[in-house]
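Okay, structure first, notes after.
Values in this text are rule-based calculations from the coordinates and carry no lab data. Owing to the predicted nature of the structure, the values given are computational and were not obtained by experimental measurement. Heads up, the Cβs are rebuilt from the backbone with ideal geometry, glycines too, and the neighbour counts pull from every protein chain shown.
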Amino acid sequence: MSHSEPRRLVILGVAASDSHAVANHLIAHALRGLGFEVENLGTCTPVEEFAQACEEHPDAEAVIIGSLNGHVHEDLRDLPAAREAGRITCPVIVGGNLSVGSRKDPRDLERLHALGVDRILQDPAQLLPALDELRASRTADADRQRLPVAS
Amino acid sequence: MTKISYLPGRSGSPGTDALPPLAESVDYIASLGKPTAARVLTDARDAGRVAIQPRCGVGGHEEMKALLRELEEQAAPDILTLTIDSHTRLKRFEQALRSLNRAPADLNGYPLVSHGYLRGREVNESVTAPLEIRHGSPDARILFDVAVASGITSFEGGGISYNLPYSKAVPLAESLAAWNAVDTVCGELAALGLIVDRELFGTLTAVLVPPSISLAISVLEAVLAARAGVRCISVSYPQSGHLVQDVAALRAIPVLARTYLPPEVDVHAVLHEFMGVFPKKRGNAEDLIFYGALVARLGGASKLITKTYQEAFGIPDTRANVEGLRLADRANSPLLGFVKADEERVADELSWIVDEVADIVEPVLAAPDTMTAVVDAFAAGRLDIPFSASRYAKSEIIPKRDAEGAIRYLSTGSLPFGDRTRRRNSELLEGAGPKGSGLKGSGGTGPVIGSLLTGLTDDINYFPTLFGEMQKETQRATQKETQNEDAE
């Protein structure tokens with residue numbers, strides 16, 4: 001990323017009941033290495049804290065939530081309310097569960113989308129392409145609506 | 001079991017107002033007829049053997065006594081442990097009491113404050129070995145007071161090491177002040193003739209902790225403890241798994257003590273058997289346990305905290321704990337004197353470790369107020385730990401195993417290392433870093449997220465991989481998946 005481009009800021013954290021810190025720190029480190037500003041809320045972050053961070057950083061391009069302990073649906077129970085109240089307006093990305101051979105039940109993924117999650121990632125390598133895609137589609141939307149591009 | 005219907009206490013501090021004065025507790029400990037933990041450690045070091053200690057703790061009072069008695073009868077550890085439950089660690093004494101009355105087996109340790117010091121004394125009197133409290137509290141003042149009244153002579157923790165790995169949002173200034181209060185009471189007890197062993201928790205987050213980080217944090221905590229009056233300090237170090245690095249790190253402890261601590265403070269090296277992902281297969285786990293015990297012996301540790309063959313599956317049962325203690329103690333055998341480390345390489349590694357620790361701690365110790373300097377240095381990343389649970393450490397440093405398995409710095413973050421140290425770390429990691437990461441020191445460009453995570457995951461799974469368990473696991477998972485598909 002060249003210096004002339006606007007800053008890219010993301011909000012990162014691990015779901016409320018989850019204390020897995022390793023992947024969280026590595027993702028923050030890697031994103032910073034790619035030139036992102038990372039507001040890392042760390043482990044055990046409730047939806048309320050993500051919402052507060054969004055209010056403090058209205059230019060955040062995404063909220064990235066990691067979850068490795070299988071409780072993500074319960075942990076994101078308050079997400080629809082935060083979405084509805086307009087407190088989290090940027091895309092929400094959920095990823096995690098790095099264990100080999102794990103199976104995703106498609107119904108679980110549908111339930112996550114229903115809670116207001118935009119992207120569900122199986123592999124951390126998908127994160128940068130997902131951020132780029134979400135940003136491109138938001139920029140395109142903004143252009144269509146002849147609104148100033150959020151940077 | 002008798003229900004406790006109330007907690008004696010004043011101003012929200014249950015269990016403390018009924019405590020006896022310190023002098024009474026000191027007399028009580030003298031009357032117990034058992035050595036203090038500090039005495040056991042000194043005797044072990046003088047005898048050239050490694051004292052052995054398990055982790056153990058259950059919620060119920062009778063169950064706790066039975067557990068300690070069985071461990072003592074079956075394995076005769078030198079020091080026994082009271083592991084404290086998570087509610088008590090966080091001063092949630094009411095919740096601990098509720099669980100205790102409803103379902104003590106649900107507690108993941110012994111809620112000493114809720115039980116009260118009279119029961120603490122009963123536990124103490126039920127065995128001949130001295131006891132240590134192991135917990136994880138950022139603020140352990142109440143727990144410490146109850147422990148002393150219970151006649152317990154060793155207490156683990158510190159203002160940095162029991163905050164950053166355990167709490168998300170406790171300011172370091174608060175935990176440092178709380179532990180300073182604990183250490184000050186240790187000074188008062190020393191004046192009354194009782195030496196309390198204060199063990200520091202150098203294991204930190206237990207994930208790939210570079211030796212110089214573990215030891216630098218312990219040096220700072222030890223300096224603060226010594227100034228507050230502590231006279232016996234155990235510096236614990238977590239086994240990395242690399243023989244030369246681990247032996248060097250343990251032998252660095254007395255060297256650092258001579259440099260940074262007053263001579264009247266007695267310092268012991270303690271090894272924590274591998275704290276990361278353990279192999280699942282019993283034989284492999286036992287190999288790792290015995291290997292750890294040999295490392296403790298070669299490193300001149302006064303004490304070893306043991307693991308069990310059930311480590312990969314959770315809290316061990318008594319049988320496994322007994323087996324782990326017995327196996328570790330085998331490394332004390334006089335027959336094993338022929339086991340040696342490569343002394344030249346150990347000396348070289350030791351000098352690097354001591355230099356790295358000096359780079360980290362000396363700017364902090366040069367400041368007029370050490371506690372303030374610690375808080376400021378963590379805020380700036382000049383002090384740091386990898387994978388912190390707390391937001392009060394930046395965790396900019398990224399560890400990585402080198403080709404031989406020793407833990408190095410992939411990123412040194414904002415640590416005040418000189419060029420020489422940075423260069424050595426990059427050289428040792430050449431070829432070991434994730435492909436295309438471009439990470440050299442802290443000035444890296446864009447690391448590939450996936451390969452960084454994969455590389456670190458491999459390092460974390462070092463022992464299961466070394467024993468060939470990871471590949472089998474992949475196969476099993478694939479089989480299971482196929483079976484699931486068949487069932488659908």
How crowded by other chains is A:43-52, given as the mean number of beta carbons from other chains within 10 Å of each beta carbon?
1
Contour excess over end-to-end distance, with Cα ends at B:Val339 and B:Glu24 and 0.36 nm allotted per residue:
108.7 nm
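So what is the relative contact order of region B:211-357, in percent, for Cα pairs below 8 Å that sit 6 or more residues apart?
Working: 218 pairs, mean separation 41.8, N = 147.
For region B:211-357, the relative contact order is 28 percent.
Which whole-number percent is the relative contact order of region B:17-131 (Cα, under 8 Å, 6+ apart)?
Working: 143 pairs, mean separation 36.2, N = 115.
31 percent.
Out of all DSSP beta bridges with both ends in region B:9-338, state the antiparallel percent to the nearest 5.
On the way: 2 of 28 bridges.
Percent antiparallel among DSSP bridges in region B:9-338 is about 5.
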Which of B:Asp359, A:Asp123, B:Asp139 has the fewest other C-beta atoms within 10 Å, and how do the rest follow up to the most?
A:Asp123, B:Asp359, B:Asp139
Can you tell me how the protein assembly as shown classifies by the Cα gyration tensor, rounded, prolate or oblate, using a/c under 1.5 as the rounded cut?
prolate
Under 5 Å, built H, 5+ apart or other chain: amide partners of B:Glu132
B:Leu80, B:Thr81, B:Leu82
Quick one: which residues, 5+ away or cross-chain, put their amide H under 5 Å from the amide H of A:Ala62? H built at 1.01 Å from N.
A:Ile11
Work out the mean other chain Cβ neighbour count within 10 Å for the residues of A:18-24 and drop it here as an integer.
5
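Using the beta-carbon distance between B:Ala190 and B:Leu466 and R0 = 60 Å, what value does 1/(1 + (r/R0)^6) give for FRET efficiency, to the nearest 0.05? Please report the intermediate quantities before stating the final value.
Values: r = 45 Å, r/R0 = 0.74.
Using R0 = 60 Å, I get an efficiency of 0.85.
For a footprinting-style exposure proxy, rank B:Thr128, B:Thr308, B:Thr184, B:Thr36 by other Cβ within 10 Å, fewest first. Walk me through the numbers before you get to the answer.
On the way: B:Thr128 12, B:Thr308 28, B:Thr184 15, B:Thr36 22.
The most exposed by this proxy come first: B:Thr128, B:Thr184, B:Thr36, B:Thr308.
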Please give, to one decimal in nm, the separation of the simple spin-label points placed at A:Glu5 and B:Asp458, each 7 Å out from Cα toward the Cβ.
2.9 nm
Using the per-residue mean of other Cβ atoms lying within 10 Å as a proxy for protection, in what order, highest first, do the peptides B:216-229, A:127-140, B:150-163 fall?
B:150-163, B:216-229, A:127-140
Through the Karplus equation 6.51 cos²θ - 1.76 cosθ + 1.60, θ set to phi - 60°, convert the phi angles of region A:118-131 into ³J(HN,Hα) values in whole Hz; use x for Gly and Pro.
8, 9, 10, 9, 8, 9, x, 5, 7, 5, 5, x, 5, 4
Once both axes come from the Cα atoms, what is the angle between helix B:282-299 and the longest principal axis of chain B, in degrees from 0 to 90, rounded to 10?
80 degrees
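Holding the Cα-Cα limit at 24 Å, pick out from B:Lys281/B:Lys307; B:Lys91/B:Lys400; B:Lys91/B:Lys303; B:Lys168/B:Lys394; B:Lys34/B:Lys65; B:Lys91/B:Lys168 the pairs that are longer than that.
Working: B:Lys281/B:Lys307 14 Å; B:Lys91/B:Lys400 36 Å; B:Lys91/B:Lys303 29 Å; B:Lys168/B:Lys394 12 Å; B:Lys34/B:Lys65 17 Å; B:Lys91/B:Lys168 15 Å.
Violating the 24 Å limit, Cα to Cα: B:Lys91/B:Lys400; B:Lys91/B:Lys303.
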Please compute, for peptide B:192-198, the average count of beta-carbon atoms on other protein chains lying within 10 Å of each residue's beta-carbon.
0
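Given R₀ = 25 Å, what would the calculated FRET efficiency be for B:Asp419 paired with B:Ala206, taking r from the Cβ atoms and rounding to 0.05?
On the way: r = 30 Å, r/R0 = 1.21.
Calculated value: 0.25.
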Rounded, prolate or oblate: which fits region B:18-62, taking a ≥ b ≥ c as square roots of the Cα gyration tensor eigenvalues, rounded meaning a/c under 1.5, else prolate when a/b beats b/c?
oblate
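Percent relative contact order of region B:9-338, based on C-alpha pairs within less than 8 angstrom and at least six residues apart? Intermediate results must be reported in sequence, preceding the final value.
On the way: 677 pairs, mean separation 59.0, N = 330.
Relative contact order, region B:9-338: 18 percent.
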Work out from phi, with θ = phi - 60° and the Karplus expression 6.51 cos²θ - 1.76 cosθ + 1.60, the ³J(HN,Hα) of each residue of region B:336-347, listed in order in whole Hz, and give x for Gly and Pro.
9, x, 6, 6, 10, 9, 6, 4, 5, 5, 4, 5
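Once the Cβ-Cβ distance between A:Asp108 and B:Arg330 is put in as r, and R0 is 45 Å, what FRET efficiency do you end up with, to the nearest 0.05?
Efficiency, from the Cβ-Cβ distance: 0.40.
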Can you tell me the order of B:82-89, B:455-462, B:279-286 when each peptide is scored by its average per-residue count of other Cβ atoms within 10 angstrom, highest first?
B:82-89, B:455-462, B:279-286
HN-Hα J couplings of region B:39-48 from phi, Karplus 6.51/-1.76/1.60, θ = phi - 60°, integer Hz, Gly and Pro as x?
5, 4, 5, 5, 4, 5, 4, 4, 7, x
Taking Cα atoms, the helix A:106-115 axis meets the longest principal axis of chain A at an angle in degrees (rounded to 10) of 50 degrees
Considering the Cα trace of chain B, what is its radius of gyration and what is Dmax, both in angstroms?
22.4, 72
Fewest Cβ neighbours within 10 Å first, please rank B:Lys307, B:Lys340 accordingly.
B:Lys340, B:Lys307
